[in-house]
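K.L.:
To start, I am sharing the structure in question, which I have written as structure tokens.
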Amino acid sequence: MSEIGHKNEKIGEVVSTKMQKTIVVVVARRVPHPLYKRIVTKRKKFYAHDEKGDAKLGDVVRIVECRPLSRLKRWTLGSVVRRSAQVAAQPADLDVKV
């Protein structure tokens, strides 16, 4: 059976959710250096469409390729693979005067 409409997918970490309906995902990959053959980590940022605002900062998400939605957005949020641990700090812990 052949897969019709198979889209490219990437898994990365959300580094920004400051825009409306848009997240920035960093995808890291490990490749050998062409001359020195040492393994180096390369990172690339992808802008992805998040219609419902499901993804939060630090989440590991799957993004799926789609048609161009804006100048930079060519990906949509497929699913949240793993949620980040949200640690809430109390004002007393930060020595902030309220």
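Coordinate-derived values only; no laboratory data. This one's a predicted model, so the numbers in the text were calculated from it and none came from an experiment. So basically every Cβ, Gly included, is an ideal-geometry build from the backbone, and we count neighbours across all protein chains shown.
K.L.:
Where in the stretch 27-46 is the amide nitrogen less than 16 Å from a point lying 7 Å along the Cα-to-Cβ axis of Val81?
P.N.:
Backbone N within reach: 27-31, 42-46.
K.L.:
Going 7 Å from the Cα of Glu51 along its beta-carbon direction, which residues of the stretch 65-81 have the amide nitrogen within less than 12 Å of the resulting point?
P.N.:
Within reach of a label on Glu51, which here means backbone N under 12 Å from a point 7 Å along Cα→Cβ, the stretch 65-81 contributes 76-78.
K.L.:
Cβ under 11 Å from Thr22's Cβ, Thr22 left aside: what net charge do those residues give with Lys, Arg +1 and Asp, Glu -1?
P.N.:
Its environment carries a net charge of +1.
K.L.:
Across the stretch 10-82, how large is the tail of the calculated P(r) beyond 18 Å, expressed as a percent of all Cα pairs?
P.N.:
Result for the distance tail: 39 percent.
K.L.:
Determine which lysines satisfy two conditions relative to Lys18: a Cα distance under 19 Å, and not lying fewer than 8 residues away in the same chain.
P.N.:
The qualifying lysines are Lys44, Lys45, Lys52, Lys56, Lys73.
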